[in-house]
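**Student:** Quick one: this structure, given as structure tokens, is what I'll be asking you about.
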Amino acid sequence: TFDSASGPPSLPFFPASPAQIGFTPENNLLVTIKANGAQDGDGSFPSNGSLNVYKLDKNGLTSAKDLTQTEVPNNSIPFSFAFDDEGQLLVAEAFGAAGVPNVEAGGSVSLYNDLDSFIPTIKSEVTTTEVTTCWVRYNPKKTCAFTTNNGGGSISSMKVRDGKLHLVEDVAAQLDTPIDFDFSSDYEFLYALSTGHLLSDNLALRQPAIFVYKVSSDCGLEKIQEITEGIPTEADRELNSLGVVNGVVGLAIF
């Protein structure tokens with residue numbers, strides 16, 4: 001809340017904001033991820049993000065005493081998560097892959113298990129050459145994980161095999177500044193939302209679109225359609241001083 005004299009509060013600072021919340025497949029744990037750092041002048045993030053796991057009681061309630069908090073390594077910024085068939089947690093980390101804590105570093109995906117233990121552990125980790133790895137989804141039919149890399153303008157693909165992550169392609173598909181994505185109900189198709197603007201000096205605006213890909217068993221992506229109908233056009237959008245385009249921000253498949 002705020003009063004009219006002081007004005008609205010400042011916007012949440014991305015590297016220090018909670019990113020996602022959700023239940024484990026067994027619905028016995030509540031998981032959140034959060035970045036804890038403030039960016040230094042050299043582009044680094046001095047404080048690691050955290051993985052926070054709350055145990056739920058028989059009434060589905062939790063409290064701070066039921067919290068297990070685990071520091072995310074590599075000074076990275078955890079942005080989103082998904083679960084695989086075994087209930088293992090895949091966490092997409094936007095910056096700081098391979099221990100290089102700056103925004104020029106590639107993104108990464110870490111796979112955690114033992115979430116209900118005192119200390120959840122990283123079972124495997126995959127790093128990519130792509131920048132700002134933000135959204136991660138798991139395809140149980142293909143046993144593949146995908147990430148959209150907002151700054152890299154790409155989608156990366158990984159295979160989950162023997163309970164571990166294996167990188168398939170750094171760039172399985174290319175599209176302008178992708179954000180949210182999801183699969184069709186039969187997991188045969190991937191729908192990725194492109195905001196249509198470029199992260200460049202002039203932030204040139206382009207038409208937002210939904211890119212549709214056929215998903216192969218080896219985690220490959222074949223583009224079959226680009227949808228622009230019904231999505232706000234370039235003329236309908238406004239670029240604010242932070243370089244954020246007002247308009248499309250997410251999608252859901254139903």
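The values are calculated or read from the model by the stated rules, or taken from the named source; none is laboratory data. None of these values were measured; they are calculated from a predicted model. Cβ coordinates were reconstructed from backbone atoms using ideal geometry, including for glycine residues, and neighbour counts include every protein chain displayed.
**Student:** Please determine whether any residue of the range 144-157 is within 21 Å of Glu86 (Cα to Cα), over 13 Å from the mean Cα position of the chain (by Cα) and β-branched (Val, Ile, Thr). Steps first, answer last, please.
**Tutor:** First, pick out the residues of the range 144-157 that are within 21 Å of Glu86 (Cα to Cα): 144-147, 157.
Okay, now just the ones that are also over 13 Å from the mean Cα position of the chain (by Cα), so 144, 157.
Subsequent filtering for residues that are β-branched (Val, Ile, Thr) retains none.
No.
**Student:** In addition: Say we look at the range 114-157 and pick out the residues that are among the aliphatic types (A, V, I, L, M) and over 19 Å from Glu169 (Cβ atoms); which of these is surrounded by the fewest Cβ atoms within 10 Å (Cβ to Cβ)?
**Tutor:** Step one: of the range 114-157, the residues among the aliphatic types (A, V, I, L, M) are 115, 119, 122, 126, 131, 136, 145, 155.
When the remaining residues are screened for being over 19 Å from Glu169 (Cβ atoms), the result is 115, 119, 122.
Working: Leu115: 21, Ile119: 8, Ile122: 15.
Result: Ile119.
**Student:** Do we find a residue being touching a Lys or Arg at 6+ places or on another chain (Cβ under 8 Å), surrounded by fewer than 12 Cβ atoms within 10 Å (Cβ to Cβ), in a strand (DSSP E or B) and modelled with pLDDT of 55 or more anywhere in the range 224-238? Let's see the steps before the verdict.
**Tutor:** Narrowing the range 224-238 to residues touching a Lys or Arg at 6+ places or on another chain (Cβ under 8 Å): 224, 234.
Narrowing the set further to residues that are surrounded by fewer than 12 Cβ atoms within 10 Å (Cβ to Cβ) leaves 224.
The next check asks that each one be in a strand (DSSP E or B); those that pass are 224.
Going one step further and asking which of them are modelled with pLDDT of 55 or more, we end up with 224.
Yes: one or more hits.
**Student:** Another one. Which residue, of Asp201, Asp180, is modelled with pLDDT under 75 and among the charged types (D, E, K, R)?
**Tutor:** On the way: Asp180 fails: modelled with pLDDT under 75.
Just a single option satisfies the conditions, and that option is Asp201.
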